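What follows is a set of notes on a single structure, which appears directly below.
The values are calculated or read from the model by the stated rules, or taken from the named source; none is laboratory data. Computed from a prediction, not measured in an experiment: that's the story for all the values here. With ideal geometry, Cβ positions are generated from the backbone for all residues, glycine too; neighbour counts draw on all protein chains shown. Ligands, DNA and RNA are stripped out before the accessible areas are found, and what is left, the full protein with its side chains, is counted by its heavy atoms. Shrake-Rupley method; radii C 1.70, N 1.55, O 1.52, S 1.80 Å.
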Amino acid sequence: MQRMHDPTKTTSVLAKQISLFGISSQQLATYLESFTLPSYRIKQILHAIYRERATSIAEITTLSANLRQQLTESGFTIGLPQIAETFRSTDGTERYLVRCSDRELVETVWMPEGDDGETGDGSEAADEEATRTWRRATICISSQVGCAVNCQFCLTAKLGVKRNLTAGEIAGQVAVVLNRHRVDPEKSRINLVFMGMGEPFLNYDNFIAAVRLLVQEMGIAESRMTVSTAGILPGIERLAQEPIRPKLALSLNASNDTVREAIMPITRKWDIAALLAALKSFPLRPRERLTFEYVLLGGVNDLPEHARELAALVLRSGLLAKVNLIAWNPGPGVPYSTPDGRHIEAFQQKLIAAGVPAFLRKPRGRDIYAACGQLKRTVAINLAPPTP
C-alpha cells in the first residue's frame, strides 16, 4: 500500500516550484524522499517525463490521482520550455522561439530532411543520409541565450551572451519539438546538432548533462548527435574523456590563423595548431570521422589558394576527418557575401582532388532566418527576406 505523504517532512526546497524535467533519477529520489515512494514509482515518473514526454503532472496516469494532486500541491511541475512562436520555411524547415521559465527566448530549428551535415562522418546517421532508408529529421539545439564567441559572420554574435541554459532547458528543446511533431525517436530517426545559439563548451557542464539525459533517459543514441565548437580547447579535451559523447565538429572557417583571427577572434586564445594538436588525442569510434565546418565567405576564405591551403592543413594533420562546406547565410548588418554555386563547387572539387572528403551542407530555412549563423531571435514583425 502506498504510504501517505507527510507535508511536515517536505523540505524547504519545495516552498517554490520545482521543475522535474532535467533532473536525474538520483535527484528525483532526493526530492521525493518525504513521499516515501517505492522505487518503481520513481521509474514510472522518469518514464513519463522523458520517454512519454508528459507536459504536466496530471498526464502521469500511472500514478494515482491522489499522488498526482499531492505532487502538484507540493510545488512539482514538469517544467518543459514552451514554443512561443513558430516560423515555417518554404522548404519545410521550422524555427521556434522557445520560452524558458524566466521568459528568456532561445531558438531551436526543426529540419524535416536534415541538411546532409552527417554525410561522410562514418555514423549510422550518415549511412541513412546516403540511402534515405528511414524517415529522418534533424533538430538544431541552443546551449546559451546568445553567444559570447563573437564570430564576425554570425548574427547570433550580435546578441552577446545573457546566460547559460540549464540541462533541462537544453534537452527540453528536443522534447517540445518531438511533441509538436508527434515523433517517437525510437521509431523515426532523429539527429541532434548542438549548433544553435551559444557555444556549448562555454556551458560545458550543462551541455554534457543534457547529453546524458537525452541518451540515458530519452533514448536517443549518442551517435546521432553532433556538437560544434568554435574552438574552445579545454572543452575538446574534456569531451575526449567522456564515456557518453556526441560526434565532434570544429568550426574552422579558415585555412590559416590570419584569416581565422579576423573572422573568429577566439583564435587569439587558441590557434589552429593548438586545436589540431588537441584533436589528435581525440578518440574516435569505429568508422567515425571528425568534422571541420567551413563557412564560405565571398572573397575572404573561398579563393583557390585557400582551398589548397585547407587541403594541405587537413592532410598534414593526419586526422581522420572530413570537411563540411557551408555557403554563408546572409543577415542584416553582417558585411559578407555568399559565393555563387559554381564557385562553391570548384572549392569542393579542389579538396576532393587533393584527397580530402568534402561535402556541402544544404542551407535550410534561410528565408526565415533558421539557417546556420542566422539565429538572432528574429520575430515576425521584422522577418524581411535575407539579402541573397
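Points to keep in mind about this one:
- Of Lys187/Lys376; Lys280/Lys350; Lys269/Lys322; Lys322/Lys350; Lys162/Lys376, those spanning more than 21 Å from alpha-carbon to alpha-carbon: Lys187/Lys376; Lys280/Lys350; Lys269/Lys322
- At 0.890 mPa s and 25 °C, Stokes D of the range 215-282 from Kirkwood alpha-carbon radius, µm² per second: 189 µm²/s
- Calculated [θ] (222 nm, deg cm²/dmol) that DSSP helices of n ≥ 4 give over the chain, each run adding -39,500 (n - 2.57): -8000 deg cm²/dmol
- Efficiency of FRET between Ala29 and Gln152 - r from beta-carbon atoms, R0 56 angstrom, step 0.05: 0.75
- Per residue accessible area in Å² of the chain, where ligands, DNA and RNA are left out and the probe is 1.4 Å: 43 Å²
- For Arg268 and Thr36, the FRET efficiency from 1/(1 + (r/R0)^6), where r spans their Cβ atoms and R0 equals 56 Å, is about 0.50.
- Alpha-carbon Debye profile of the chain, log10 I(q)/I(0) at 0.12, 0.13 Å⁻¹: -0.91, -1.05
- Cysteines in the chain that, by Cβ-Cβ distance, have no pairing candidate under 4.7 Å: Cys100, Cys140, Cys147, Cys372
- Ordering of 252-258, 70-76, 198-204 by burial proxy (mean other Cβ atoms within 10 Å per residue, highest first): 198-204, 252-258, 70-76
- Per atom type, the range 213-305 shows carbon and sulfur on 52% of its accessible surface, probed at 1.4 Å.
- The range 233-388 - Rg (one decimal) and Dmax (whole number), Cα, Å: 16.4, 49
- Area projected by the alpha carbon convex hull of the range 289-328, averaged over all directions, nm²: 2.7 nm²
- Kirkwood-based Rg to Rh ratio, the range 170-318, C-alpha trace: 1.00
- Mean separation of Cα contacts under 8 Å (6+ apart) over length of the chain, as relative contact order %: 16 percent
- In this label model, Gln17 and Glu73 are separated by 2.0 nm, measuring between points 7 Å along each Cα→Cβ vector.
- Taking the three principal axes of the alpha carbon atoms in the range 263-313, the coordinate ranges are 37, 27, 17 Å, sorted in descending order.
- Packing-based ranking of 222-231, 337-346, 157-166 yields 222-231, 157-166, 337-346, ordered from highest to lowest mean Cβ neighbour count within 10 Å.
- Net charge of neighbours whose Cβ lies under 9 Å from the Cβ of Asp271, counting Lys and Arg as +1 and Asp and Glu as -1: +1
- Relative contact order (%) - criterion: Cα under 8 Å, at least six apart; region: the range 58-118: 21 percent
- Charge dipole magnitude, Cβ of K and R +1, D and E -1 - the range 206-259, Cα centre, debye nearest 20: 120 debye
- Here is the P(r) of the range 133-258: all C-alpha pair distances, binned every 5 Å from 0, give 2, 11, 21, 24, 19, 13, 8, 3, 1, 0 in whole percents.
- For the range 54-98, backbone nitrogen atoms closer than 12 Å to the point 7 Å from His47 Cα along Cα-to-C-beta are found at 61-63.
- Of Lys158/Lys362; Lys16/Lys158; Lys247/Lys362, those spanning more than 30 Å from alpha-carbon to alpha-carbon: Lys16/Lys158
- The Cα trace of the range 191-235 gives Rg and Dmax of 10.5, 29 Å, the first to one decimal, the second as a whole number.
- The value of relative contact order for the range 212-364, using C-alpha pairs under 8 Å at least six residues apart, is 21 percent.
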